[in-house]
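No lab work stands behind these numbers, since they all come straight from the coordinates. This structure is a prediction, so every number in the text was calculated from the model and none was measured. Every residue, glycine as well, gets a Cβ built from its backbone with ideal geometry; the counts of neighbours run over all protein chains shown.
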Amino acid sequence: MSEGRRKAPTRARRKKHWALRVAGWLLALFFLGVIGVVAAFFIGYQTTDIPDPNKEFAANTTTVYYSDGKTVMGTFYEQNRRSVPLEQIPKYVQDAMIAAEDRTFWTNPGVSPSGMARAAFNIARGQQLQGGSTITQQYVKIMYLNQERTFSRKFSELFIATKLSRSQDKKSILEGYLNTIYFGEGAYGVAAAGEAYFSVPDPNKLSVPQAAFLATVLNNPTRFDPDNKSAAAQKRILERYQYVIDGMRQSGTITDTKAAAYGAKLPEIKKPKKSGGKYQGPNGFLLDMAKKELAKLVPQDQISGGGLKVITTFDVNKQNAIVRAGEEELPKKREGLHVGLASVRPGTGQLVAMYGGPDYLKSQLNWATAKGRPGSSFKPFAVAAALQDGRSIYDTFQGDSPIIVQGKKLNNEFDDDYGDVDLLEATEQSINTAFYDLVDKQMEDGPSKVVDAAEAAGIPKTSDLERGRNNPSTVLGPDPYAAPVDMANAYATFAAGGKFVPLHVLKSVTGPNFKTWTDQKEIIAKKAKQNFTPEVANMVNYVLQNVVDGKHGTGDKAKALDRPVAGKTGTAGGTALEHRKANAACDGCKEGKDTLTSWWAGYTPQLSTAVLYRAGATGEGDLDPYSSDKAFFGGNWPVRTWLAYMEPALAGTSPEEFAPADEEAIKDSPTPTFTPTPTFTPTPTNTPPPSNTPPPSSNTPPPPSNTNSPTPPTPTNTKTTKPPGWPPIPTKPTKPTNTPETPGGDGQ
């Protein structure tokens, strides 16, 4: 055998030898690690004592303040807890909770190895500890520890849960859990939860689907909140509910047939009427808004028991003033009449005052947040869109009625004629045909640009508004595009020089286990956007000041505020709910005869406030019987209610001027840049502009009088005024069509 052949096996044996040694070291390290972990767990287990129940867990009152941080608005302390013995809780209710939260409850040692592994993985990724807790762990966290998600707290939870599982009967643990776990709606424990969601205070009277639903929401009361009616939320809740039902089937609690029947749909929610003084009156709407916004920042159980200090954006003095205005400055006839008011501080997005109704406990329908047809209060977004499109406020458009848009006749209020009018005059007198001419004839893709401007100002994006991109009547707001809170914040964007800040009602939130949150840091600084150039915003402000200061401005009553004011009236017409049956019977003879909404949205550099009047239980009633005017014009009662609030709200503050518009763009002798294409008997292009006493538009009562007399003088330079009325508008959202939807009129 050669030398080389004799040495080869030696090298192989050496490699094998070193591999075995390394493997041995690794194995030894592994066993040492296991021993270390076991020793650490044993030491931790031995040195951790089960604390007294509720010694560290305490549900503290969350206090809600007005913006001054001193005046209490209300509290969130709704620990509706009624303990019941386990024998009074049916087995199918127990099984539902176990199927939802811990299917190995009866056999596990109180902890979940898979949950521990997930927690370790989250720690390695630098995330908070979450998920995977057994029923025993959840009970320990509630009764013996705090709600912090930290490494040390998690290990304490594991040790205590293991000891508790060894020292207490499983039935005792389950009883404690079912009487302390939070189900949402302020309900702690299954007895309180049954009453909160189904008006069933006795667990023995809960049905199987009701028990499964309660097991669904306890996992995450915010994520599975049945009040969230969005399609995504409802789908999420149903899937979780079906998971619980299937778990009950697998455990043998219910049969396959019953599981299929129960899982087909959610049980009907039957919440009892809210009671208790803290939600009583108009301020209940404020607390409700604050609670909903707070739920986006903190877990639901922390809202009711986290001991938080919540400072809202609501100013106590302004709130008192807006309540007085909403309840006192109204027409004498008030039954069935509703008014919503919202006031925003420009440049901040802060809702400083709101009136949503007289008593939250009697009706949770908030008229300040319920969307309605904005009518011609939507026209300022067309002005902004036109300016962004390179138009001038002195471009001229068709002021005569009717105008033909996509083969359909659209009219001014009372079908009046104005001749050629510029954009400034068209806005001042709210002349419908001029805006149709601008948006639907002279601007390419005009309706879509109006929608873009509205959303940039702050009108929330909705399916109704998005449909407006294909609707020639979008400029007159024929569908429920906006609520008073939306309109107040959108107009505030113009007041702030084009700066948009999202609307919100929380100013700061602090708590024992919660890092301080402030709107200045989280919203105003991070989410504010310059959505319009200052030049565009300043010009919009100039045009809307003319609505107040112009000789025939539809909002001239706002002059009484005695400081610079800009704003816009708006009314939307159609067929009121009470007249629709008769309208159908007479083949549409009543279409467009009623006033469905009436607006005034006005602002100063310091405050933007929107007022909306509606009638009927659903807000679809006729407003006209409440006014002696020819119609319930926005320039009458909405302005008067607005003044009743704005005067005390701004008392003690110095008047501020709006930033000036570009001087060159507002020179006194503009040269018209456009003559409309005739679609009617044309006015010669060399005809002088209309006199200073033009006839009424579809948006104003007949000028020259700016009073609210029911019999204003008939203009001398127009055709005879026709009886009031508007073309019909859709009562429900409709799909886009090539035929324009016809909106209601707009008036003073």
For the stretch 443-598, diffusion coefficient by Stokes-Einstein and Kirkwood Rh (Cα), 25 °C, 0.890 mPa s, µm²/s: 133 µm²/s
Rough spin-label spacing in nm, given labels placed 7 Å along Cα→Cβ, for Ser207 and Leu238: 1.7 nm
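Give the calculated FRET efficiency between Ser199 and Lys91 to the nearest 0.05, with a Förster radius of 25 Å applied to their Cβ-Cβ distance.
Efficiency, from the Cβ-Cβ distance: 0.65.
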Residue pairs, from the table Lys229/Lys278; Lys278/Lys557; Lys273/Lys590; Lys409/Lys581; Lys333/Lys371; Lys170/Lys273, whose Cα atoms sit over 29 Å apart: Lys278/Lys557; Lys273/Lys590; Lys170/Lys273
The stretch 505-587: C-alpha gyration tensor shape, a/c 1.5 cut-off, then a/b vs b/c: oblate
Candidate aspartates and glutamates for bridging to Lys265, where Cα separation is under 15 Å - those fewer than 8 sequence places away on the same chain excluded: Glu239, Asp246
Candidate aspartates and glutamates - alpha carbon under 16 Å from Lys70, same-chain residues fewer than 8 apart omitted: Asp315
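I'd like to compare 507-518, 327-338: which one has the highest average count of other Cβ atoms within 10 Å, and what's the full order after that?
In descending order of packing, they fall as 507-518, 327-338.
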Translational diffusion of the stretch 177-334, µm² s⁻¹ [Kirkwood Rh, Cα pairs; Stokes-Einstein; 10 °C; 1.306 mPa s]: 88 µm²/s
Simple label model, 7 Å out from Cα along Cβ direction - Thr618 to Lys515, nm: 4.7 nm
Gain upon complete extension [Lys461, Thr257; 0.36 nm per residue less C-alpha separation]: 69.1 nm
